[in-house]
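Below is one structure; the comments refer to it alone.
The values are calculated or read from the model by the stated rules, or taken from the named source; none is laboratory data. Since this is a predicted model, take the numbers as computed values, not measurements. Cβ placement follows ideal geometry from the backbone for every residue including glycine, while neighbour counts extend to all protein chains displayed. With ligands, DNA and RNA removed, areas are computed over all heavy atoms of the protein, side chains included. Shrake-Rupley method; radii C 1.70, N 1.55, O 1.52, S 1.80 Å.
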Amino acid sequence: MKIFTGDSFGKVHVLRIDRGEYLLENIENFIKSKNINNAVVLSAIGTVDNCVMHMVMTTTLPPVDNFVKWEDKPLEITSINGVIADGSPHLHMTVSDHEYAYAGHLEHGCRILYLCEIVIAEINGFNFHRIRNENNILELTDIT
């Protein structure tokens, strides 16, 4: 285990993504426009009508991912969590319909149905990066 300890949050941003706009694409554009390197997603709620995520399907290395896609299906976003390191978001999302909840890695192509509100907090005192380990898995590291 590796522990990273910071001492404060910087700016806190609340994003409103509107109907017909794309979720991850807007988050990435925002990060780039504000030159955000290190941050966390604290909260996210909303709805999508197109959704793409991937989930790990094996316990072996390398992992096998299953990409799931819903088109023209109303889904509630109940959570988005993750870390932005070196300006790159690694985000997981939970969505639900009237019967089930689904969770996985947020991918491009998620289109907002009615609205989405996301809270992103910048973190001071880190220089996060992700590097591939010997198993080709991206690991979070703090290069000082």
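Output the residues belonging to region 28-42 that are part of a helix (DSSP H, G or I), crowded, with 16+ Cβ neighbours inside 10 Å and either of a type outside the set (Phe, Trp, Tyr) or touching a Cys at 6+ places or on another chain (Cβ under 9 Å) (or both).
28, 31
For residues that are farther than 20 Å from residue 79 by Cα and open to solvent by 60 Å² or more (accessible area, probe 1.4 Å), scanning just region 101-129, find the one that is modelled with the highest pLDDT.
Restricting to residues being farther than 20 Å from residue 79 by Cα and open to solvent by 60 Å² or more (accessible area, probe 1.4 Å), the top hit is 124.
Any idea which of 84, 80, 45 is open to solvent by 50 Å² or more (accessible area, probe 1.4 Å) and either in contact (Cβ under 8 Å) with a residue 24 or more places away in the chain or not hydroxyl-bearing (Ser, Thr, Tyr) (or both)?
So the residue among 84, 80, 45 that is open to solvent by 50 Å² or more (accessible area, probe 1.4 Å) and either in contact (Cβ under 8 Å) with a residue 24 or more places away in the chain or not hydroxyl-bearing (Ser, Thr, Tyr) (or both) is 45.
Name, by its number, the condition in (1) assigned to a helix (DSSP H, G or I); (2) in contact with a His (Cβ under 8 Å, 6 or more places away or on another chain); (3) surrounded by 15 or more Cβ atoms within 10 Å (Cβ to Cβ) that does not hold for residue 25.
(3)
State the number of residues belonging to region 53-85 that are closer than 17 Å to residue 22 by Cβ and assigned to a loop (DSSP other than H, G, I, E, B).
Residues flagged as closer than 17 Å to residue 22 by Cβ and assigned to a loop (DSSP other than H, G, I, E, B) within region 53-85 amount to 4.
Of all residues in region 18-29, which are in contact (Cβ under 8 Å) with a residue 40 or more places away in the chain and out of contact with any Leu (no Cβ under 6 Å at 6 or more places or on another chain)?
Correct list: 18, 19, 20, 21, 22, 23, 25, 27, 28.
Find the residue count for region 130-144, including only residues that are touching a Lys or Arg at 6+ places or on another chain (Cβ under 9 Å), open to solvent by 80 Å² or more (accessible area, probe 1.4 Å) and either closer than 25 Å to residue 21 by Cα or not charged (D, E, K, R) (or both).
Within region 130-144, residues that are touching a Lys or Arg at 6+ places or on another chain (Cβ under 9 Å), open to solvent by 80 Å² or more (accessible area, probe 1.4 Å) and either closer than 25 Å to residue 21 by Cα or not charged (D, E, K, R) (or both) number 1.
Name the residues in region 129-144 that are aliphatic (A, V, I, L, M) and part of a loop (DSSP other than H, G, I, E, B), would you?
Across region 129-144, the qualifying residues are 137, 143.
Quickly run through region 98-110 and pick out the residues that are closer than 14 Å to residue 45 by Cα and outside any strand (DSSP E or B).
110, the sole residue that qualifies.
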